[in-house]
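One structure is given below, encoded as structure tokens.
The values are calculated or read from the model by the stated rules, or taken from the named source; none is laboratory data. Computed from a predicted structure; not experimentally measured. Note that each Cβ is placed from the backbone with ideal geometry, even for glycine, and that neighbours are counted across all protein chains shown. Side chains included, ligands, DNA and RNA excluded: accessible areas come from the protein's heavy atoms. Shrake-Rupley method; radii C 1.70, N 1.55, O 1.52, S 1.80 Å.
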Amino acid sequence: MKASITFGGITAAPGTKASGWAPVLDTDYKLPVTVINGAREGKSVLLTSAIHGCEYPSIEAVFRIAENIDPQELCGQLIVINPVNVDGFLKRTPYIVPQDGKNLNRLFPGNPAGTLGDKIAYVLTEEYQKRVDFHIDTHGGDIPEKQLSYVYYPGVSEDARALALSEEAAAYVLYADFVIKSRATNHAYNYAAICGVPSVELELGDCASWDESEVNLYLENIYNLLRYLRLLPGEARKRERDVLYITRGEYLDADADGRWYACVGREDKVRRGQKLGEIRDLFGRTLREYYAEFDGVVLMVVAALAVKKGDPIIAYGC
């Protein structure tokens with residue numbers, strides 16, 4: 001007989017849904033968690049959004065999924081955390097956890113003795129990721145980012161099965177322009193794979209804008225993945241159109257506070273040695289110039305004039 005399940009102190013009986021606030025270690029911070037326990041057996045899937053609080057098409061889509069999925073139609077369990085970065089979402093703060101100024105998606109597997117961002121990452125790893133069969137993390141262009149749509153899959157793990165299943169799942173994201181194999185290890189989805197849990201990260205939408213068409217594209221992608229994972233009835237559709245697979249990516253962060261001037265735009269082709277942009281100080285002096293290290297295509301470029309040290313400014317790959 002199918003059993004009740006509990007995540008973050010929130011319990012759902014078979015065929016039911018429960019929502020509430022889950023604690024994060026010794027802090028006052030709580031995660032908004034929805035536990036959907038299907039009427040029939042199946043995989044457990046973690047669905048997260050708003051690790052970065054201003055990536056709105058994904059956030060709204062995940063809100064709707066948590067609210068609208070019927071547990072009587074679900075095989076397995078869907079655990080939804082959204083927004084993960086509650087204060088980043090409510091305070092409209094790009095990239096970081098406002099309480100400690102850290103980029104949560106660079107902190108995994110976290111640290112129970114660290115600051116709030118470290119503790120959130122630790123809890124997501126230990127109490128959620130390690131208890132599920134698959135992790136879908138959703139993102140998009142943050143407030144200053146012009147970017148294309150893509151799906152990341154992890155490329156670093158000693159668990160070959162987790163890597164293979166992640167790559168296969170990436171083929172069922174219907175509307176990505178690019179499929180990117182990531183060599184990072186400290187993002188949420190990367191670390192899931194290191195723990196042996198297959199995972200993908202979806203990226204649709206840019207510059208913190210959102211409309212119904214973008215939300216609907218996100219919903220189609222997530223629902224298709226849930227069908228692929230057999231949580232929902234129906235056949236998953238494999239992407240039919242050609243996309244570019246990226247196996248080498250370069251993600252550049254600002255080396256100083258100042259003014260950012262990009263020399264290239266989103267989707268531009270770049271050549272090795274080509275100037276990508278520069279940062280100037282408030283008096284017009286050039287502080288740093290950035291050049292392409294290899295031929296590739298621009299995946300994301302920051303459109304804002306102002307940048308802070310450590311903020312993303314441009315990404316390209318091949």
The set of residues whose placed amide H lies less than 5 Å from the amide H of Leu276, leaving out same-chain residues fewer than 5 positions away, is Tyr290, Tyr291, Ala292
For Lys30, counting only lysines whose alpha-carbon sits under 27 Å away and dropping same-chain residues fewer than eight positions off, the answer is Lys17, Lys43, Lys91, Lys102, Lys119, Lys130
In region 275-318 the accessible area split gives carbon plus sulfur, as whole percent at 1.4 Å, a share of 55
Highest mean packing first, using Cβ neighbours within 10 angstrom, the peptides 155-161, 88-94 sort as 88-94, 155-161
In region 240-281, the GluC sites (Glu not before Pro) that sit in a DSSP loop and have at most 16 other Cβ atoms within 10 Å of their own Cβ are Glu240, Glu267
Check: C-alpha center region 1-59 vs C-alpha center region 238-267, spacing in Å is 32
In Å³ per residue, the alpha-carbon convex hull of region 1-111 encloses 106
DSSP beta bridges in the chain: the antiparallel percent, rounded to 5, is 65
Reported to the nearest 10 Å², Leu116 has, with a 1.4 Å probe, an accessible area equal to 30
Going residue by residue through region 149-162, the Karplus relation 6.51 cos²θ - 1.76 cosθ + 1.60 with θ = phi - 60° gives ³J(HN,Hα) values, rounded to whole Hz and with x marking Gly or Pro, of 8, 7, 10, 9, 10, x, x, 10, 5, 7, 9, 5, 5, 4
Here the alpha-carbon Rg of the chain over 2.2 N^0.38 Å rounds to 0.99
Region 145-189 and region 63-93 have their Cα centres apart by a whole-number Å value of 21
Yeah, region 78-219 with a ≥ b ≥ c from its alpha-carbon gyration tensor (a/c under 1.5 is rounded, else prolate when a/b outruns b/c, oblate otherwise) is oblate
Whole-percent carbon and sulfur contribution to the accessible surface of region 146-217 (1.4 Å, no ligands, DNA or RNA) stands at 48
